[in-house]
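The values are calculated or read from the model by the stated rules, or taken from the named source; none is laboratory data. Bear in mind the structure is a predicted one, so any value in this text is a computation, not a measurement. Cβ coordinates were reconstructed from backbone atoms using ideal geometry, including for glycine residues, and neighbour counts include every protein chain displayed. To get the accessible areas, we keep the full protein, side chains included, count just its heavy atoms, and leave off ligands, DNA and RNA. Shrake-Rupley method; radii C 1.70, N 1.55, O 1.52, S 1.80 Å.
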Amino acid sequence: MIPVKFDYIHAESVEQAIRLQQESNGEGKLIAGGHSLLPLMKFRLTEPGVLIDISRISQLKEVRKEGDRIVVGALTTHHAASNDPVIKEHIPLLADTVRQIGDLQVRNRGTIGGNIAHADPAADLPAAAFALDAQVIIQGEDGEETMPVDQFIVGPLITMMPENSIVTAVSFAIPPRHTRSVYLKYFHPASGYPVVGVAAIAGVDESGVIDFVRIGITGVGDIAYRAESVEQTLLGQTPSEAMIQEASRLAAEEGEMGNDFFTSSEYREHLCKVYTERALRSILLAN
Amino acid sequence: MANVIGASLKRKEDPRLLTGNGRFSDDIQLPGMLHAVILRSPHAHAKIKKIHAEEALKSQGVVAVYTGKDLEGKIGPVPSSWLVPDANLKEAPQYPLAIDYVRYVGDGVALIIAEDRYVARDALDLIEVEYEVLPAVVHQKEAMQEGVPLVHGDIENNIALHWKAGEVADEIINDAEVVVRESFYVQRVFPSPLETRAAIGQYDAGSGELTLWCTSQNPHIHRMVLSDVLGISEAKLRVIAPDMGGGFGGKIGVYPDEALVGYAARDLKRPVKWIEQRSEHFTASNAGRDEIIDVELAGKRDGTLLAIRVKNTANLGAYLSTMGPGVATIDFGLMITGAYDIPHASCETFGVYTNTTPTDAYRGAGKPEATYQIERIIDLYAREIGMDPIELRRKNFVRKEAFPYTNAQGLLYDSGDYEKPLEKALETLNYEELRQKQRELSKQGKLIGIGFSTYVELCGFGPSEVAGAIGFQGGVWENSTVRVHPSGKVTVYCGTSPHGQGHATTFGQVVAEKLGIPMDDIELVFSDTKSISMGWGTYGSRSTAVGGAAVSIAADRVVEKAKKIAAHELEASEEDIVFENGKFQVKGVPGQQRTFQEIAKSANMAWNLPEGMEPSLEAQSFFKPENFVYPFGTHAAVVEIDKDTGEIELKRYVCVDDVGRVINPLTAEGQVHGGIAQGVGQALWEGAVYSKDGQLLSGTLMDYALPKARFFPRIESAFTETPSPVNPLGAKGVGETGTTASIAAVMNAVMDALKPYNVKDIEMPLTSEKVWRAIQDGEGN
C-alpha cells in the first residue's frame, strides 16, 4: 500500500492553488482531507506527480447565508458542517446527511468540497446535494463559475471540473420553512457507504396538500439522481400511507441500478422504494 | 498472594501496548536493513514462460531480485505439518517461489530486495512476467469432477486427501423413523488480524546464526520447519515472535515468505525486512473454513437420535498449509456428534486442491464447522418432529453421570455437565416469556427469532501419542521454567506464544498464587526460541490447559525445593512446614518462619543448603497431558428481521460457557466476546467471493465486511465451572468457544424467525438480500 513518488506542496491561497496546478503540467492534484484520494494513491489507481494541499486556505472554511441559499466553504469538514448553526437552522438535511458519513475520523478530515469534487457514486453527500439544488462554485483560470450539481457530476468519479481550477464552495437552496427533511441510508456492512441513501424534503401547505418535495437518491448506481417521478406524484396530494406507497414505487424510475456481489440491481431497486417510503413517512406522517 | 487464580485482574500487558510502547515487527529497525517485497501472481493458474527482472535490477537502490528458478536447489519446499494418515494424502511441493506454474492469485513469483521499501515497491512494477494463462478451478466440488483443470498435474481429480472415520450401516438410516438431511456451506472467511504478517531476518556471518523475527503463533514450529527448508541447524536458527496484533490461526502457518526473508538475509549478509500489505494479506495469507458439509441425522419420532452420517468436501486451496489437512478431518470429523449421545456416527472427508489461497486453521479450526452442522441439523430435526429445540437437545445430551464419555468417533470427553449452562442461559433469557413475546409480536407481523447452540469443542492440543497417531508433526506437550532470582523476583519462561490472549496476566496469576508473591514480582518470557528451550505455541485453545499447567507444575516444584530449604534453616522436618501467603511457617510455632524471598536468597547463595542439595531455585516442567479438554456451554441469540428489507438486527446475545476452572474471569470474558464477534461475523457479514477464473472479488476491507462494535448488542456472558481432570489447573480453553458456538446460534435464530416462510437454510453470510429473497420465495409458496 505504497503510492508512487509524488511531490507535496501547500497552497496558501486560491490563486496560488490555481497557479500551482498550472505549473504542474497536468500532474497536480488538489488535496484537502485526503480520505478518498490517499487510498486511491495507495492502491496506485491514481498517480499524481504533485499534491497541492489546500487545507490551509482559511477563507474556504466559511459558512454563510446569501439570499435564499447557504454557501458552504469547500473546506468545511463533515464534522463542522454537521454542527454548524447556520446549516442546522436552514438546511438541516445537510447536517443530517454528513453526520452519517464514514466514521468520526473521516468526518473530521473529509470536506464538503472534496466530497463533491471527487464524485464518488457511493458517497452520501450527493443525495442531499441533489435534494437541496446544490450549486458548485468553481474558481478557475478565467474567474468564477457556478454549476448545478447535476451538471457538475456527470459520472462515477467524473465531473465537469475545468482544468486548473478549484471548488471554492457549494451552495444549497434553503427549502421553505414549513418543510421537514431526513436522510436515511442502508449502510454497506464493509465500507459504511450507502447501498442506498435517500435524502428527502417535503412539506404541506395550509390546505393540507403537499406543496414542496425534493428527493435525492445516492449509492444505487453510477450517479446520484432526483427522484422526480416520486416528487411529481406527491405534489398537490394529501399525504397518506397509500399515497406514499404509491409514489415510492417510482423511486428507482430515474436511477440506473448497479449491481455487485453484495446486492443485485433488483434488490437495490427494492431498497430505493422501501427507503423512500420510510423517509417520506417519517417527514409527512410522523408527528 | 492467595486467591489470585479466579480474580478479575486487569491485563498486565495493556498499559505498555496502549501507550504505544509495544514492539511489533514493523517497529524493528536494524542497521543496514534492506526491505523486501514479493511479486505475486495476478492469475489463478498460469505457466510462467519468462520473467524479465533486468529493469528492476537496474533501478537505483534495488539490491537483488530472486525468482523461483534462482532458488531451485538452494531452498526446499515448505511442507505441511499435518500428514493425516490413512487418507491417501497427496502433498504437492510448495516452493517458496513458484517455479514453472502459479496456482493461485497471490502465489509468490519474485522476491525483490532494495535499500528502502519505496524503491522495493516501485521495482515491483518494473518486473515483467510472461504468463500463459490456464483455466482455473475454484469450487471444490467442481474440482473433483472429470475433465476439469488439475491444480497439480499429477494429482488426479484434485483430491489431496480422502479420509473416513466411523461407520454407519445403511440400514440404520434406511430404517429410521425420521431422517433429516441438509447440506451446509461453511464459507471461506479471512482471519483478518489487525496486524498483517511480517518477517525480519538477520544473519551473523561470524557465528552462522540466523535470527528471524516473524509473526508466528508458534516460533518453535517455525524454527523446526524452517531449519529444514533453509538447511540450517536448529541450533543456529533463532525465531522470535515480537508483539503481535492477533493471529486467529492465520499466523500458525509456516509460509514461504518467512523462508524467503531468512534466505535473503543470509545470502546478502544484511538484515531484511518484509511487511505484508493489507491488500496482499487477502490473497497471500491462509484463509479459513470453506467446507461443504452434507449431513444426515436419523432417529425416532420421539426425539431419540440414533445416527449421524456426514460428508465434508473441503477446499484446501492450491497447497497444503501447515495445519490444513487436519481441520476438516480430525478436528471436524471426530466431533460431529457434538454434545449428544448419538450411538452411530461416520464422517467422510475429501480435501480438495483448487486455484485459491490455501486454507488453514482459523479460530476453532474444524470445531465451529462441526458445531455448525450438528446444531443446525438438530434444530431442523426438532422442527421435523414438532419438538422444542431445547427439549430435543436435553433429551439427547450426554448425561452428567456419563463422564468421562467416549463419543461414537472414539474421543473421550473429559468432563461435562451440559444442563448447567443451558439452565443458566434459559434463566437469563427468560425463555418461556421470550417465546410468549415472540408469538405476540408475530401476530403484529414482526419476525423475531431465538436460536441456540449447545456446543462442545475439543481443545488443549494435546496428548503427544495421539498427535503422533493422527499424523501431526509435533509433540504438543508444553514447557515452562520458573526461575527465582536471589531477590525473590521471578522470571517464567513459557513455550506458548501469546498474541493477544493475555498470558502474562493469567500465567502470572498462577505463579503469584503458587509462590505467594505479588504479580509485579513476576516477569514472563515467551516467543523466543533462544531463551525458551522448546514449546509448541498458541492455537487450538491449548495455552492455559497445557502451557498454564506446565507453569503450575514448575511453580509447585519451586515450592517443593524451597520448603526443604526452609525446613533445614528452621530446623524442622519438612512435613511440619506450611507454606501460606508467601511464608514458610513451622506448624504451631508462630514466629518460626521464612519468607519466600529469604529462601530465594538462601537457595541462590547456597551458603547453607541441606546436605546434597544443588544450589539455585529454579524448576522446569514438561507437561504432556493425558487427554484433550472439552469446553462446552450454551449460546443463545435473539434476532429481529426487517420484513421489508431482510435486514437482521441482533437484539440479544446470551452465553454461558463452561471452560473448566476460570483463571481470570475478565480476560476470559474478553476472549468470549472476541470469539463471538468472529463467529457472528461469519454468520452475517464475512465471506470470500471469487470470480470463476479465481480472482478474489472481496479483496479489500471496502468489500469484505468485518464485524464492527456497533453491530452488536451488549453480550450477556457468564460461566459455569466444571473442572477438567486432565490438568492440575482444571482449566479447559476459552479462546475459541465464542466462535465455535455463535455461528450456529445466530443462524438458528434467523431460521427460527423465518419459520413462517418455511425456510430451512440460507447460505452464509446472511446478507439482507438473501433473507429478503427467502421471504419473497416463502410468501410465494
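Ranking request for peptides B:130-138, A:203-211, B:734-742: highest mean number of other beta-carbon atoms within 10 Å first, then the rest in descending order.
Numbers: B:130-138: 16.8, A:203-211: 13.8, B:734-742: 31.1.
So the peptides B:130-138, A:203-211, B:734-742, ranked by packing, come out B:734-742, B:130-138, A:203-211.
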Under 21 Å from the Cα of residue B:561, which lysines turn up, not counting those fewer than eight places away in the same chain? B:489, B:514, B:583, B:587, B:601
Straight-line reach from residue B:58: which aspartates and glutamates have a Cα under 17 Å away, not including same-chain ones fewer than 8 places off? B:115, B:116, B:122, B:125, B:128
What one gets for the stretch A:7-53 as the Kirkwood radius, inverse of mean 1/r over different Cα pairs in Å, is 10.8 Å
Fully extended, how many nm does the chain gain between residue B:716 and residue B:427 (0.36 nm per residue separation, minus their Cα-Cα distance)? 102.8 nm
Please give every one of the lysines within straight-line cross-link reach of residue B:424, meaning a C-alpha to C-alpha distance under 22 Å, and leave out same-chain neighbours fewer than 8 residues apart. B:395, B:400, B:437, B:651, B:732
Quote to one decimal, in nm, the extra length available between residue A:228 and residue A:177 on full extension: 0.36 nm per residue of separation minus the C-alpha distance between them. 16.2 nm
Cα-based equivalent ellipsoid of chain B: semi-axis lengths in Å, sorted from largest, via gyration tensor: 42, 39, 23
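Applying a 10 Å radius around every beta-carbon, put B:30-40, B:352-362, B:531-541, A:38-48 in order of their mean neighbour count, most first.
Working: B:30-40: 19.2, B:352-362: 28.6, B:531-541: 24.5, A:38-48: 15.4.
The packing order, highest mean first, is B:352-362, B:531-541, B:30-40, A:38-48.
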Within 10 Å of each Cβ in A:263-270, how many Cβ atoms from other chains are there, averaged over the peptide? 3
Per residue accessible area of chain B, 1.4 Å probe, in Å²: 36 Å²
Using protein chains only and a probe of 1.4 angstrom, how many square angstrom of residue A:145 are accessible, to the nearest 10? 80 Å²
Return one number: the angle in degrees, 0 to 90 and rounded to the nearest 10, between the long axis of the Cα atoms of helix A:265-280 and the longest principal axis of the Cα atoms of chain A. 70 degrees
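Only helical DSSP H runs with n ≥ 4 go in: add -39500 (n - 2.57) per run for chain B, normalise by residue count and round the 222 nm mean residue ellipticity to 500 deg cm²/dmol. Could you put the intermediate results ahead of the total?
Values: 20 runs with 214 residues, N = 781.
So the helix-based figure for chain B works out to -8000 deg cm²/dmol.
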Other chains' Cβ within 10 Å of A:185-197 residues: what's the mean? 4
Given the whole protein assembly as supplied and a 1.4 Å probe, what does the accessible area of residue B:485 come to in Å², nearest 10? 60 Å²
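Quick one: net charge of residue A:3's neighbours, Cβ under 13 Å, K/R +1, D/E -1?
Details: positive: A:5, A:29, A:42, A:44, B:117, B:121; negative: A:7, A:47, B:122, B:125.
Here the charged neighbours net out to +2.
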Tell me, what ³J(HN,Hα) does each residue in the stretch A:28-43 have, in order and in whole Hz, if you take phi through Karplus 6.51 cos²θ - 1.76 cosθ + 1.60 with θ = phi - 60° and put x for Gly and Pro? x, 9, 6, 10, 10, x, x, 6, 9, 5, 4, x, 5, 5, 5, 7
Could you work out the relative contact order of chain A, using alpha carbon pairs under 8 angstrom and six or more residues apart, expressed as a whole percent? 15 percent
Non-local amide H neighbours of residue B:623 (under 5 Å, H modeled in plane, Pro and chain starts lacking H): which ones? B:478, B:479, B:480
Output the DSSP H helices from chain B with an along-axis C-alpha extent of no less than 20 Å and a mean Kyte-Doolittle hydropathy no less than 0.0. B:549-569, B:665-684, B:737-753
Whole-Hz couplings from phi, Karplus 6.51/-1.76/1.60, listed for the stretch B:69-75; x for Gly and Pro: 5, 4, 8, 3, x, 9, 8
Surrounding charge for residue B:666, neighbours by C-beta under 10 angstrom, Lys/Arg +1, Asp/Glu -1, total +1
Threshold 30 Å², the stretch A:1-34 residues less accessible with all protein chains present than alone (1.4 Å probe): A:1, A:2
More than 25 angstrom apart: percent of Cα pairs within the stretch A:180-284: 17 percent
Kindly identify residues of the stretch B:702-751 having a loss of at least 20 Å² in accessible area between the isolated chain and the assembly of all protein chains, probe radius 1.4 Å. B:702, B:703, B:705, B:708, B:710
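Taking a probe of 1.4 Å and counting only protein heavy atoms, give the total accessible area buried between chains B and A in Å², rounded to the nearest 100. Numbers along the way, then the final one.
Details: alone 29020 and 13400 Å², together 40170 Å².
Between B and A, the summed buried area is about 2200 Å².
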For the pair residue A:45 and residue A:205, how long in nm is the line joining their label points, each one 7 Å along Cα→Cβ? 4.7 nm
Roughly what would the spin-label model give for residue B:132 and residue B:400, points 7 Å off Cα along C-beta, in nm? 7.0 nm
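Counting only heavy atoms of protein chains, what accessible area per residue, in Å², does chain A have with a probe of 1.4 Å?
Value for chain A: 43 Å² per residue.
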Residues whose built amide H sits under 5 Å from the amide H of residue A:46, excluding neighbours closer than 5 in sequence, are A:41
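Could you work out what % of the accessible surface of the stretch A:180-284 is carbon and sulfur, using a 1.4 angstrom probe and leaving DNA, RNA and ligands out of the count? Before the final figure, lay out each step's value.
Working: 1720 of 3920 Å².
Carbon and sulfur: 44 percent of the exposed surface of the stretch A:180-284.
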Rounded to whole Hz and in sequence order, give me ³J(HN,Hα) for the stretch B:624-634 from the Karplus expression 6.51 cos²θ - 1.76 cosθ + 1.60, θ = phi - 60°, writing x for Gly and Pro. 10, x, 7, 7, 6, 10, 10, x, 8, x, 10
Longest to shortest principal axis, alpha-carbon extents of the protein assembly as shown, angstrom: 102, 76, 73
